[in-house]
Amino acid sequence: MEDRRKNKRTDMDSKLVIKRLDGDSGKEATINITDVSKNGIGFDCKEALQIGEVYEAYLTIWTKEVIHAFLQIVRIELKGGEYGYGAIFIGMPEMDSARIEVYQTFNEQ
């Protein structure tokens, strides 16, 4: 299968907590990040999320800072007892995108 990603993806040891924006559910879920780029994120989660929905996220990055972001689910894959998700960042400030690029550059050396 051909990789159609526009930006390089990097693994990141981090977790984030997400919740739906529609107010329908106050439930939060912890997820494990599998890769991240300046445009999106891949993660595993036991909770069933909806494709096309936007979720609020708090991403803890390598500097222990928290990036507040909004994610739109674009891909879902069943992985045993968990789901694998792909999401794009919605309206992420350029400064936060730049932090991810700096981390990628640092890890390539």
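Here the gap between D96 and A29, fully extended at 0.36 nm per residue and compared with their Cα-Cα distance, gives a gain of 21.9 nm.
Between amide H atoms placed 1.01 Å from N, distances below 5 Å from L21 occur with V54, E56, all of them 5 or more places distant or on a separate chain.
No lab work stands behind these numbers, since they all come straight from the coordinates. Source: prediction; values computed, not measured.
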